[in-house]
Every structure is written in structure tokens, then in C-alpha cells.
1. For segment B:216-299, report the translational diffusion coefficient in µm²/s to the nearest whole number, using Stokes-Einstein at 10 °C, 1.306 mPa s, and a Kirkwood Rh over Cα pairs.
2. Just counting partner chain Cβ atoms within 10 Å, what average do the residues of peptide B:223-231 show around their Cβ?
3. Please order B:211, B:54 by the number of other Cβ within 10 Å, starting at the fewest.
4. Separation of segment B:12-28 and segment B:77-148 by C-alpha centroid, Å?
5. Restricting things to alpha carbons, tell me how big segment B:255-380 is in terms of Rg and Dmax, in Å.
6. If contacts are Cα pairs under 8 angstrom and at least 6 residues apart, what is the relative contact order of chain A in percent?
7. Cα convex hull of segment B:109-267: mean projected area in nm², to one decimal?
8. Add -39500 (n - 2.57) for each DSSP H run of 4 or more in chain B, then divide by its residues: what number comes out at 222 nm, to the nearest 500 deg cm²/dmol?
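Taken together, the values in this text are just the output of simple stated rules run on the coordinates, not laboratory data. For clarity, every value in this text was computed on a predicted model and none was experimentally measured. Heads up, the Cβs are rebuilt from the backbone with ideal geometry, glycines too, and the neighbour counts pull from every protein chain shown.
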């Protein structure tokens, strides 16, 4: 941590600075890779950068930090992402 | 080479601000501040002000823009008054807690209703707890000199706090006086470019104002207090440096006027402080042992200096503000400074609210009444028809 002459609140970017926020989730986005057309809209719109872009432009979801806001499902043009209540699938 | 400029307080403040070379000025006009920001716009038109001038839609935005700009590490300036200052209130806290050295002139104007554009200090007094350093000026020369000093104080690496320079509506803002203006080179030598402790940089990303837990937040407040206290040492040093370089001195935290061999000390702020000097001269001619300590900085408050004065003299305080349900703000602060450490008698007056004139004759009457032992603990001076 850098030391300054005065004290205020500054944070340096770091993965999971606020802990594993994935457990805040009520609805879980489930991606259907068959339907995905690699348009990357979900990757662009995700406010938490929890859509992982692979080299071939397929995507995965980082459930450790995804808070389940559902924006990815909302912006997907081919309905490849569905929201499912956490714990619904046993 | 000194040049003499004869102009109103607002145009003098605009000149001083532009000579400090701020990178960003964001402002919204309000009577009686309007000519200050017009003045800066005019300097931009003439090419003398080379910074960015942001015309915003409100004072809240003006301060928000200054905060954003200041966070990128550059120098920022703005000005406001009365209701404009009150609209900024949230952002004033933000600037101070984020430790951003924004410098702002506030032209002390009455708060409505009833609608009134004359002067009193209730606008800036009600920003007391925001963490801003607060100066009150008594002449156009002092406005000029204090603005330049304010950048140096606020930007000092152990301070890093915003500074508010208050001066009275119309009495100073719209009254012309001759002011010595140093060469740009001399100002540049006195006030080097701002060296921020940290700044927003796309290549080295950081987040400002992020969430922090209670124990950490408490440290932020403690440190702010430490920096305010540090200013009690720094302000006299900078005033001394200014005096050595430019030959002018308006006092440190207090300006002392004929404070030797006294039984009474009058304390006042702003334009009443200047008027008080005439009253002191007259009272001294009448053989009364009275001097003046004009309060220049309301934050940090000169507790130790006033306590020292009270060892040999009783204190008479004139407030051009009122905290309803209590008393004048300076009166309260002074009594708090003396508590348990001084036996001095303390008399408080409320005078000049709503912009009512407070002349040297009025000040003499207030002082004489207190000296004659006829003043109650707190009195309203010259209240009509009550």
C-alpha cells in the first residue's frame, strides 16, 4: 500500500477487493453455448466484468463474482442466457 | 515591478485567480459573485486565462466539476455566494474529505427568505463543519493576496484541503480600491505548479471515494483535523513569506491592531474588521485601552491566540451572523477556546444582519457600552422597533 501525507479513501484495482461477491446472487445466469452467436454483447454490458471472453470469442461466466444482475440475459439477442433462481437445480 | 490596479473586489479576485494559472474554472453566476466569474471569462477572451472554463448548470455542478478536475491533479478555482454556496453543501464535504485543494471565493450574502442580496456571514458560517479552510477578508488587497496564498496553503502536501475565501457583498465585491499587483513572474516563483499526492490517471487506474469501513473512516476524519491544525503553523509561515517577498501583511490567523497595553480587545471579521480600526483609533483618542484582533481564519480557529489575548483583556465580539437558538458563531467559538483557562469577561453583539451598515460610530457605541458594564452577555445591536 502506498503511503501519503494525508488520509483519504483510494482503492487500487484488484480482483475481488470486496470479497467473493458471487454469493450475493439470487438469480444465476445460465448460458446455452449451442445458442450463443459470439456477438459479445454480454461481455460488453456486464458491469462487473464477470463474463470471461475466450480466444475464440465464446464466453464463460465467472460465478465467483457474478452478482446475478441479469443484464447479460437482458441484452442477449438470441436468448442464450436464462436466469434461474439459485438453488433451484439440485 | 508592482503595478497598481484600481478595481472592485470581484475583478481583483478574478485577476488574482487568473494569475494563479488554474487549469479549470467551473462556475455558475449569482449576485453578487457574477462579476467575479465574468471577469475570469473576460480574461479568457483576452487570452490571459489559458485554462478550461466550464459553464455549468448549477453550483452543485460547479463544485462537482472542480472536484473531478482537481482529482486529475490540476489546479481549480471557482466562486459563489449565498444560495449558490448552500446548493454546493454536499460537494463541499466531498472536496474536503477527498482532500482536493479547490480554491473558492464566497461573497458573503444574506440567505433568503426574505430575499436580500446584501451582506452577512450566515452562508459561509453554515459551511463551518465541511472541513474547508475559511478566510475572511477586509480589503481588496487582502482578497488579492489571500487568493494566491490560499493555493499555496491548500496544495501543501501536509494539508491538501480546499480553501474558501469569503468577503462581504458589495462592501468589498463591488467597491473599487487600489491594489498592488505583482509581476506574473513573482507570483510564479511564489506559487509553483501543483504537485498532487495522487491523481486520476488512465494508465494507473485507482478509485476515489470507495467504500471504507468504520475504523478506516474515523482515521480520515482524524487526519483532516490534523491537517487543519497544521495550518495554524503553516498560515503564519506563508503570511511571513508573502510579507518578505511582496511587503504586505494582513495578519496570520488574527490581525492585531493596537493590541499593546490593553484592557479590552474587540474581535470581528470581514469588512466590520476594517471598520473597527477607525473605531479603535477614536476610542484610543478618548483614552480607552482597547485594541482589535480581526479574525482572518474561522477554520482553523485561532483558539490559542485568543486565549493569550484574554489573559490581559476582556473580549468584545461582533458577529454578523447568528446560529438561531444559540448565538453568534465567533462568540461561541471564542468562549469554547477560553473555557476553564481564562477569567476574561466576554461580551457578544449581533450586528449588521441582512446587510445593515455597521459604521465605526456603531462599533464605538458597542464597545463603550461593554466597557461601561452595561452590556448583557449577548445583545443585538441597533435592532429597530423591537
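1. On the way: Rh = 14.7 Å.
Reported coefficient: 108 µm²/s.
2. Numbers: counts 5, 3, 0, 2, 3, 0, 0, 2, 0.
Average neighbour count from other chains, rounded to a whole number: 2.
3. Working: B:211 11, B:54 18.
By the 10 Å Cβ count, ascending: B:211, B:54.
4. Measuring centre to centre over Cα atoms gives 15 Å.
5. 13.1, 38
6. Numbers: 121 pairs, mean separation 33.3, N = 90.
Reported as a whole number, the value is 37 percent.
7. Details: hull surface 58.0 nm².
Average of the hull's projected areas for segment B:109-267 equals 14.5 nm².
8. -12500 deg cm²/dmol
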